[in-house]
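Just below is one structure, and these are the notes that go with it.
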């Protein structure tokens with residue numbers, strides 16, 4: 001056997017052998033350094049990712065969105081004012097708005113999507129089509145995704161521009177949403193100037209922070225919180241080169257609440273038309289008329305002339321001569337009521353009778369008794385009071401019929417002597433509400449002024465002096481607004497209750513389906529029925545032959561009312577040529593439909609044949625009262641309560657059968673017997 005002895009040829013040593021390579025210290029150091037550097041770079045990258053993705057998330061998200069998204073506000077509809085069509089008998093209530101929101105559009109462009117070569121051409125088309133006068137080139141040169149070109153474009157004009165643009169954009173390979181329209185709503189007035197001073201409007205430019213409309217006054221201001229809604233959000237997606245889906249609604253808009261008014265549009269139209277004709281006929285500076293339901297306090301009409309058209313509000317506020325026409329003078333302007341205070345004075349005197357009887361004393365007067373009225377001197381007055389026509393003796397009914405100044409002043413003199421000045425003032429305030437705001441839902445109501453014993457004006461002059469009560473008796477030295485006068489006369493009309501005037505029926509919120517109703521009820525009885533009956537009987541003489549206002553006589557109806565012709569203060573003195581003339585009354589005399597106040601500011605003092613001297617309340621305000629009343633009663637379907645009460649020339653007239661005809665003749669006979677003249 002042959003053995004392999006090759007292994008014997010090699011020498012064996014004691015040094016062990018290994019298959020792994022030997023790594024030097026320098027190699028290991030280089031490897032660790034590189035590894036640390038790589039980890040360091042990777043850590044920086046992670047930190048940068050964290051910074052971008054977490055810390056600066058909102059920043060980069062906003063940049064990304066700005067490149068591809070534009071968030072636009074989706075407009076809401078502001079609440080609507082509705083007429084009260086429920087006052088007409090036998091007719092169902094129909095919704096009739098006084099103001100509506102009309103859909104309009106604002107034109108925007110995306111300058112970055114419009115190629116430079118066509119910008120001039122697009123500008124020219126916009127300027128020509130929209131009749132723009134301002135330079136719009138600056139909008140095209142901005143690095144922006146959204147620039148407004150113009151506002152309040154109609155739907156028809158929008159369609160015209162889109163028809164042109166879509167063809168132009170396709171031809172020039174421009175994304176069609178390089179121009180886009182944003183919806184908005186603009187106030188529109190279907191009746192033009194009707195109720196203008198009451199409604200007012202909102203400015204064209206919205207509040208920059210809230211994006212809400214800015215009211216100019218009136219009901220728009222008073223109910224702004226209820227009328228305003230909440231904007232929605234819509235996302236428009238776009239690319240600098242390609243069109244994307246452009247209609248993603250994020251939040252739907254919420255419309256404002258609707259306001260249902262007590263005012264009726266037909267009655268308002270009647271009042272405005274008759275008032276305008278009456279003011280023009282006597283060459284007056286202006287006037288206003290207010291009508292109210294005496295039982296509920298609901299205002300049916302507030303008319304004012306000259307008119308204010310809310311749609312053209314800029315013209316009024318930019319012209320100092322027209323700003324006055326924007327004021328709701330029925331509540332902002334106070335006046336001295338003059339002779340319309342006389343029935344109120346007599347009512348307080350009748351109450352004084354009852355107060356004295358309770359105290360075991362004699363009453364100060366009787367309505368039927370003869371009172372001396374040719375003596376006109378009163379304590380503290382330098383000048384005597386006088387009547388337009390001298391009357392030696394009058395009773396309460398004659399005093400109202402002839403509108404005597406001396407008779408009510410005599411009554412107040414007795415009231416002061418027996419019960420004191422404070423008692424008299426207290427009843428002016430508490431019984432009839434003078435000196436206090438009515439609380440009607442309109443801004444800037446003037447509370448008026450009733451002088452207070454022991455108090456001084458800002459200039460240091462004492463408010464209540466010795467002659468003050470005699471001035472108050474005939475409607476001077478106190479100021480009122482027309483709503484306060486309606487509230488006071490409603491006490492006579494509704495059986496002795498002081499009510500709260502209102503212009504609001506209900507508020508309806510669309511988003512929550514919540515209905516808020518405001519009902520006004522009789523607050524408190526301030527006069528008993530028998531005193532009311534006496535005052536009504538006295539005032540019925542005023543509108544008949546021999547009274548101060550036969551021109552206020554409403555054909556076919558009985559009516560109650562009183563005239564006033566008060567001198568205005570001009571330059572600190574009472575003017576003999578400038579007057580505020582008025583008439584206030586209600587129809588019919590029993591269960592009246594409404595109380596109506598008509599005020600004529602500064603009528604010309606001229607004589608018109610068949611009418612008389614124009615500055616008197618009986619010749620300028622009374623005819624307006626008659627015409628408004630006549631047409632309103634016909635509109636609401638009221639049945640005549642005086643079928644023989646027409647003018648003497650009317651074949652339907654029968655003196656002995658007409659309301660208050662016999663009473664007028666009887667009073668005439670007594671007057672002639674006392675005074676020896678007709």
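Of the peptides 132-143, 367-378, the ranking by mean beta-carbon count within 10 Å, highest at the top, reads 367-378, 132-143.
Axis of helix 482-493 versus longest Cα principal axis of the chain: the two differ by about 50°, to the nearest ten degrees. Dividing the mean sequence gap of close Cα pairs (under 8 Å, 6+ apart) by how many residues the chain holds gives a relative contact order of 13 percent.
One decimal place: the segment residue 446-residue 390 gains 16.5 nm when fully extended, by the rule 0.36 nm per residue minus the C-alpha distance. Taken along the Cα-to-beta-carbon direction at a fixed 7 Å, the label points for residue 173 and residue 128 span 2.6 nm. Stretching residue 315 away from residue 375 to a fully extended chain increases their span by 16.1 nm, per 0.36 nm per residue minus the current alpha-carbon distance. Label positions at residue 221 and residue 500, each projected 7 Å from the Cα along the C-beta direction, are separated by 2.2 nm. For the chain, adding -39500 (n - 2.57) for each run of n ≥ 4 DSSP H residues and dividing by the number of residues yields -10000 deg cm²/dmol at 222 nm. The ranking of 230, 573, 402 from fewest to most other beta carbons within 10 Å of each one's beta carbon is 573, 230, 402.
A Förster radius of 30 Å combined with the Cβ-Cβ distance from residue 117 to residue 154 puts the calculated FRET efficiency at roughly 0.50.
Could you let me know the centre-to-centre spacing of the stretch 618-673 and the stretch 556-593, using Cα atoms, in angstrom? Value for the Cα centre distance between the two parts: 18 Å. Distance between the modelled labels on residue 654 and residue 613, one decimal in nanometres: 3.9 nm (7 Å Cα→Cβ projection). Once both axes come from the Cα atoms, what is the angle between helix 661-675 and the longest principal axis of the chain, in degrees from 0 to 90, rounded to 10? Roughly 60 degrees between the two axes.
Based on alpha-carbon centroids, what's the gap between the stretch 275-292 and the stretch 152-209 in Å, whole number please? If we compute the Cα centre of each part, the gap is 38 Å.
Among 305, 444, sorting on how many other beta-carbon atoms sit within 10 Å of each Cβ, with the fewest leading, yields 444, 305.
Ordered by the count of other Cβ atoms within 10 Å of each Cβ, fewest first, 224, 211 give 211, 224. Where both bridge residues fall in the chain, DSSP classifies roughly 95% of the beta bridges as antiparallel.
Using the Kirkwood radius over C-alpha pairs as Rh, can you work out the diffusion coefficient of the chain via Stokes-Einstein at 37 °C, viscosity 0.692 mPa s, in µm² per second? So the translational diffusion coefficient is about 107 µm²/s.
Starting from the Cα gyration tensor of the stretch 150-309, take the square roots of the eigenvalues, sort them a ≥ b ≥ c, and report rounded, prolate or oblate (rounded when a/c is under 1.5, otherwise prolate if a/b is larger than b/c, else oblate).
Values: a/c = 3.73, a/b = 2.28, b/c = 1.64.
Prolate, because a/c is 1.5 or more and a/b exceeds b/c.
In units of the compact-protein estimate 2.2 N^0.38 Å, the stretch 313-391 shows a Cα radius of gyration of 1.87. For residue 361 and residue 570, the difference between the fully extended length at 0.36 nm per residue and the C-alpha to C-alpha distance is 70.8 nm. Taking the 0 to 90 degree range and rounding to the nearest ten, how far is the long axis of helix 25-50 tilted relative to the main principal axis of the chain, both from C-alpha atoms? Its long axis makes an angle of about 20 degrees. Distance distribution note for the stretch 101-187: the fraction of Cα pairs above 18 angstrom is 39%. Measuring r between the beta carbons of residue 141 and residue 96 and using R0 = 51 Å, the FRET efficiency lands at 0.55.
Throughout, read-outs are computed from the coordinates displayed, never taken from laboratory work. Just so it is clear, the model here is predicted, and its values are computed rather than measured. Positions of Cβ are backbone-derived with ideal geometry, glycine not excepted, and every protein chain shown enters the neighbour counts.
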